[in-house]
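Nothing in this text is a laboratory measurement; each read-out follows from the coordinates by a stated rule. Just so we're clear, the structure is a prediction, and the values are computed from it rather than from any experiment. Backbone-built Cβ (ideal geometry, glycine too); neighbour counts: all protein chains shown.
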Amino acid sequence: MIAMMKSVSERSLSLIKDYFDMSKFYQYYITENLRELLSKPLRDKDDVLKVLFEISSYLLIEDKPINKGFGEFIIKVDKMSRVFITLLEEGQLLKHYSFNFPFIIQQEDLPSLESIRLISSKNRIEIDTVFLSVLKSASASGWFSTDGEMSFNCLLGHYEVLEEILKELEGTNDKYIDNVWLVMKELMLSEPGYLRYDYDQEHQNGRLHPLHHLDVNYTNHITFKLGLSSAFEQNTFMDLLDLRTNCHYVSH
């Protein structure tokens, strides 16, 4: 399985390098933690943000994930910045995911290491490892959930939860909580632009639920499917969302 994954990864990396041209991209293997997050359906923004926070943490650590055969993800920075995830099971393609990457990536090549900084797009606030820990804790507490009522009391309760999280961390202050609050509001108002390719053997049902299909959006009340006649390779899926290449057409 590992040998198969290696050949898939090497082939895809070669295609991606040709495909990206002048784009910047950051490629990482999927860890067990990320695979666990992706094992459940992504049904609301909170689910997508949990994946985003996990992915973002990989960029800020020196020890990069090793290949365990679960697939890979790529952050592509071009006219749009997007995450592209390819999930495998025993060498078989299961899903491609893509959504907006809302942070600016600043990279410095130092003699001893490759240093990456993440900056929020709107407020230009640096997202370090402590900041990500706060965001993960807030997400675990339901801060980003869309189920609750977004009233003044609800927001006040969220703010109090945020204060409690920060009290447990060293090196934080009033300015820090203000910055976290700004970034959290920025993420709440951001548009994920979610798209997923599915190879769905379990639920396939003719043209009603095709074996190969695209799922557009993530919430049940607005999502819809586009059937496909065959599997989507990684580079085809990425090309679909590339503003610099020719559009794909839907036949009817």
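Things worth noting here:
- Pairwise FRET efficiency - LYS24 versus GLU164, Cβ, R0 = 35 Å, nearest 0.05: 0.40
- Ranked by the mean number of other Cβ atoms within 10 Å of their residues, highest first, the peptides 215-221, 46-52, 126-132 fall in the order 46-52, 126-132, 215-221.
- Formal net charge of residues neighbouring SER139 (Cβ-Cβ distance under 9 Å; K, R +1; D, E -1): +1
- Approximating the spin labels as points 7 Å out from Cα along Cα→Cβ, the GLU89-to-THR129 distance works out to 3.3 nm.
- Local charge for GLN201 was computed over the other residues whose Cβ lies under 14 Å away, with Lys and Arg +1 and Asp and Glu -1, and equals -4.
- Annotation: for a label point projected 7 angstrom from Cα along Cα→Cβ of ILE105, residues of region 117-136 with backbone N closer than 14 Å are 117-119.
- Förster radius 30 Å - calculated FRET efficiency between ASP178 and SER145 (Cβ-Cβ, nearest 0.05): 0.85
- A simple count of charges around THR31, restricted to other residues whose Cβ falls under 12 Å of its Cβ and scoring Lys, Arg +1 and Asp, Glu -1, yields -2.
- Applying 0.36 nm per residue to the separation of LYS225 and SER121 and subtracting their alpha-carbon distance, the gain on full extension is 34.4 nm.
- Between GLU186 and ASN33, full extension at 0.36 nm per residue minus the direct alpha carbon distance yields a gain of 52.6 nm.
- Violating pairs (Cα-Cα greater than 24 angstrom) within the set LYS45/LYS167; LYS64/LYS185; LYS68/LYS95; LYS40/LYS79; LYS40/LYS95; LYS50/LYS167: LYS45/LYS167; LYS64/LYS185; LYS40/LYS79
- Compactness of region 50-136 was expressed as the Cα radius of gyration divided by 2.2 N^0.38 Å, which yields 1.17.
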